[in-house]
Amino acid sequence: MSTGVSTSTDKNIVDRSRSHRNRAVSKAVRQTRERLQNGHSRNFDREMMLMHIDTLLQGAAVIPIFAVIVAVLGAYLTRDVQIFFWTIPILTAHAINMLLGRRARKQEISAQSARKWRQVFLLGQLLMGLCWAIFAMQGCSICGGDSFVLYKGAILLVAIGVTAMSSFMLPRAVPFSFAPVTVALVVTAILTRKPSDIALAAAISVAVAFFTFITIRMYQSNLKILSFQSEKDDLIVELEVAKSMSDEARRRAEEANLAKSRFLASMSHELRTPLNAILGFSEVMSAEVMGPLNNPTYREYTTDIHRSGQHLLNLINEILDLSRIEAGKYELNEEAISLLDIAEDCIGMVQLRARAKNISISSQFEAQLPSVWADEKSMRQVILNLLSNAVKFTPQGGEISVKVGWTAGGGEYVSIKDNGPGIPEEEIPIVLSAFGQGSIAIKSAEQGTGLGLPIVQAILAKHDGQFMLKSKLREGTEVIAILPPKRVLQSLPAIGDAPLAERRKKSFA
């Protein structure tokens, strides 16, 4: 005996042996949902540190070139090459920062290690600030006026700008880099009391504060961009999982629909065959064809058996009709038919039941209605279902009105109105759904299957028509079946004899 799991949809509507194809995506979205539900904002220290390292290494040549230019300009102004010795400490400090950046790139940076590396790089910026403080303390004995002070101020402003642009992803980089410079200039201004030194100290202090503010704003803007990128990635993951779940649900629905179709296809024959035998034999017994039934109770039982079998057969037919319509297998055998004739036939079919409840059926047919292009069997089923519902729910001594006529748009309609108990407004969507029944139908002794109106709607939709239901509690119900104007067959009048047109003579210019 095989112990394997069967994957046949004949036995299992949902195939549980198939594993989920998007397990990695499901795990990712589960983590995302947990993070979003916890309400903790994501920390982007690691991403910002990686961006700072990339920027630092990509701009490795900026500081050496700038230092050489500063030394050349200083030597030109001071006529002294000693300023070139200043480039040694600043290039050394810059080389240390580059080595730190390369080392950090080789390592796997986590959220915890990112904070440690931030402190290391801030110390590197402080080392660079000490080198710039040495430059700020430089003097010139042969320079006249305030030319050298202007030179130092311009160089320091450019240095602050370059540092701010290259290290804005490292918080507090500008204050760490130029705090020694600011302190040195302020001490110099206090000691010398020169207006130029005071102005230089004030300008550099304001510049450091301004660029610090700018770098903070740029840092916050990058954090927002990273946050938006993270949210976009989370949404993409959510969409991927939603698509995966939708595909899985669609697959299961297809398997369930296939199982339902196979069940109905196999059981329709299995149910109809014994039902036909039950109906036939019960009819023979009730008619006493083979001999009299001495017990009148048995005769009553045969009538009940025949009625119950007929009800069950109608139920099976309705379920099969609805299944064919949902599967798109319901084909129309269209021909020219008259709604007046079909309505009269259906009234005659339900007249016996109506008389049993003392219900009067009045008809109001518009004369000389043209034929329509429709399926006769389907339209007969529509009108018969609507009339049967009206007779079923109309009380003793009630009235039913049947109208057939033109619509305002040129189509044709069939209206059936009764003075029964009506349907509450909130129950109308339930009544129009498959197997849906209102509270009046549930309390009624003549309960139905709840498939009549959905079949009517589906048949009219196949004919491109409309179905309307108007009802108020204790005021009755009116149902209207409408066929569109394009299905009305209008007969064209005969074309009368017209005189022949004279032949026109050709003229040449």
Checklist line | TYR76-GLN368 pseudo-label distance in nm [points 7 Å out on the Cα-to-Cβ vector] | finding: 10.9
Next item on the list: Quick one: which residues, 5+ away or cross-chain, put their amide H under 5 Å from the amide H of SER371? H built at 1.01 Å from N.
Entry: LEU489
Checklist line | Theoretical gain in end-to-end length, SER246 to THR55 [0.36 nm per residue, Cα-Cα removed] | finding: 64.4 nm
Notebook entry, point to check: Kirkwood hydrodynamic radius (Cα pairs, Å) of segment 129-278?
Noted result: 21.4
Next item on the list: Could you name the aspartates and glutamates whose alpha carbon sits less than 19 Å from that of LYS106, not counting residues in the same chain fewer than 8 places away?
Entry: ASP45, GLU47, ASP54
Check: So, by mean Cβ neighbours within 10 angstrom, what's the order for 197-204, 107-114, 386-393, 125-132 with the highest one leading?
Finding: 386-393, 125-132, 197-204, 107-114
Check: In what order, largest first, do ARG307, ARG251 sit by accessible area if the probe radius is 1.4 Å?
Finding: ARG307, ARG251
Item checked: Cut-off under 5 Å, modelled amide H: who pairs with ILE359 long-range -> GLY397
Item checked: Coordinate range along principal axes, alpha carbons of segment 92-180, Å, largest first -> 54, 21, 16
Notebook entry, point to check: Structure shown: which of LYS116/LYS232; LYS260/LYS377; LYS243/LYS377; LYS260/LYS357; LYS417/LYS486; LYS357/LYS486 lie over 31 Å apart, alpha-carbon to alpha-carbon?
Noted result: LYS243/LYS377; LYS260/LYS357; LYS357/LYS486
Check: For the modelled label position 7 Å from the Cα of LYS116 along Cα-to-Cβ, which residues of segment 163-195 have backbone nitrogen atoms closer than 14 Å?
Finding: none
Next item on the list: Describe numerically, in nm with one decimal, the distance between label points set 7 Å from Cα along Cα→Cβ at PHE228 and at ILE142.
Entry: 5.6
Next item on the list: Estimate the FRET efficiency between GLN396 and GLU426 by the formula 1/(1 + (r/R0)^6), using the beta-carbon distance for r and 41 Å for R0, to the nearest 0.05.
Entry: 0.90
Notebook entry, point to check: Relative to the present Cα-Cα distance, how much length would full extension add between SER433 and ILE236 at 0.36 nm per residue of separation?
Noted result: 67.3 nm
Next item on the list: Can you tell me what the convex hull of the Cα atoms of segment 225-366 projects to on average, as an area in nm²?
Entry: 18.4
Check: Given a Förster distance of 56 angstrom, what is the FRET efficiency for SER308 paired with GLU334, based on the Cβ-Cβ distance and rounded to 0.05?
Finding: 0.95
Checklist line | Difference of contour (0.36 nm per residue) and Cα-Cα distance, VAL162 to TYR219 | finding: 19.0 nm
Check: Over the C-alpha atoms of segment 311-403, what are the Rg and the largest Cα-to-Cα span, Dmax, in Å?
Finding: 15.0, 42
Next item on the list: Give me Rg over Rh for segment 272-311, both radii from the alpha carbons and Rh done the Kirkwood way, two decimal places.
Entry: 0.98
Item checked: Total charge dipole magnitude, segment 276-388, about the Cα centre, Cβ charges on Lys, Arg, Asp, Glu only, Debye to nearest 20 -> 480
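The values are calculated or read from the model by the stated rules, or taken from the named source; none is laboratory data. Remember, it's a predicted structure, so these values are computed and weren't measured experimentally. All Cβ positions, glycine included, derive from the backbone under ideal geometry; neighbour counts span all protein chains shown. Accessible surface areas use protein heavy atoms only, side chains included; no ligands, DNA or RNA. Shrake-Rupley method; radii C 1.70, N 1.55, O 1.52, S 1.80 Å.
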